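The values are calculated or read from the model by the stated rules, or taken from the named source; none is laboratory data. These figures come from a predicted structure and were not determined experimentally. A quick note on method: Cβ atoms are made from the backbone with ideal geometry, for glycine too, and the neighbour counts reach across all protein chains shown. In case anyone asks, the SASA skips ligands and DNA or RNA and just uses the protein heavy atoms, side chains included. Shrake-Rupley method; radii C 1.70, N 1.55, O 1.52, S 1.80 Å.
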Amino acid sequence: MTDEQPAATGPQAAQRDPLSATAQEPGGPAGVRNFRRDRRQKKLGGVCAGLGRHCDMDPVIFRIGLAVLSITSGLGLVFYGFAWLFVPFDDEEENEARRLLSGRVDGQALTAVLFALVGCGVFLSLLNNGGALTFAAVLALLLAGAGYWSQQRGLTDPDPVAAQTVADAPPEAKAPPVAGAPSWWRDPIVKDGTHDGISGYFWGPEGVTVEYQPDPPHGRIRQGEPAAPAPRPKPRGPRWIGGSVFLTALVAGGLGTGLTWEEQALGTSLQTGLACALAVFAIGIAVSAFAGRTGVGSIILAVITATLLAGAAALPKDISTTWARTDWKPATSEQVRPMYELGTGIGTLDLSRAGPGKDRTVTTSAEVGAGQLKVILPKDSTVKLNVEVGVGDIQLPDDRDGDVDIAPGKEKTVTLDPPAGSRDGGTLELNVEVGIGQAEVTRATS
């Protein structure tokens, strides 16, 4: 006599064999779980809790990682905001973005939009910071790799013998019916197929009627059409205040820019106005979340304003708000200043009469934030020239074609020798910088 027991089936088998239970979960093949936000363990939007469940990791790891990414590059806010918008809860099929576009606006959807907006603004403002972006990319890859490894480590090939045993097992035994219990038919059926009254179920789907019609030698059951469900109440339509919010944002942006136009650089003045406008949009969206008066247009305008704000932050700091025309004409090398600066406009630096002289070296720089910078070099001097243009064109004495080639990040470092037969006029070290515009360097003819 052996101690063998029959193989458990049904829920008991699922409890003893986690692999088979995982294989029966909805959402795909064995061990594969769809990424959904977790409502039970959420702290804010349930994104990190859903990632932890999806990757079989502690959600705290994702919370810390996304927080660091949010501070260093804004990518954490971008990912969290878009995941909050487009990934539904585990017990729902509709995401926040669909509710938002259909006019059913609540605080969660607006908070997700603000997360994405702020994250995009921070990320765009750090495009020139290679160190921060590199660190963010490495940290994001580490988080993604850790999640993928944790998700794959628990996946093992199922034992074919155990799987076949479970498949061939008989169905789970059930208790016999209780004597005297009511029949599932409303009326008993007579042997000849007739019945008294109208047959139907004691229980079943609401609104479904079952009709029995004799059809020798077997009866036939016809299921009627389900009753029409009661119409759902329509959600309250939004009462639009988008026009008022837009006009208020325009006024706030104009005031912020106008009050700082004379004292600050162009980039700072634009940032102040756009920040005021973005604050008005944020307040309007937040207020309308409780009053039910928001629309998609306000969110789109807020996104455009945040993009413009990031672009204003990337402008060079030396671009002024006034256009000027300035000429610098030092008469001798001793009058050459170490630095010549102009915010916005056309600047001309004439060094034709300020040659260093034999065996002498003079160093100077010229900068224009936005506009054109013209430099006239001494006729008989050797010039060590370094020219940088953020966005624009560079014209040197050796450029014969004179074509204007506008491109970002242009830079040239050359040494210009004096014409053949000229006397020794010394060495001029010149650094030319233009933020947006053109740098033109020519040599004096006489």
Residues that are of a type in the set (K, R), in a strand (DSSP E or B) and under 26 Å from P316 (Cβ atoms): does the stretch 400-420 have at least one?
yes
Selection count, the stretch 414-428, where residues are touching a residue at least 24 places away in the same chain (Cβ under 8 Å) and over 16 Å from K358 (Cβ atoms):
4
If a residue must be among the aliphatic types (A, V, I, L, M) and under 44 Å from the mean Cα position of the chain (by Cα), how many such residues does the stretch 376-395 contain?
5
So, first residue open to solvent by less than 40 Å² (accessible area, probe 1.4 Å) in the stretch 125-139, second residue outside any helix (DSSP H, G or I) and among the aliphatic types (A, V, I, L, M), Cβ within less than 8 Å, six or more apart or across chains; the pairs are A132/L126
Subset of the stretch 77-124, residues among the hydroxyl-bearing types (S, T, Y), open to solvent by 30 Å² or more (accessible area, probe 1.4 Å) and touching a Cys at 6+ places or on another chain (Cβ under 9 Å), comes to none
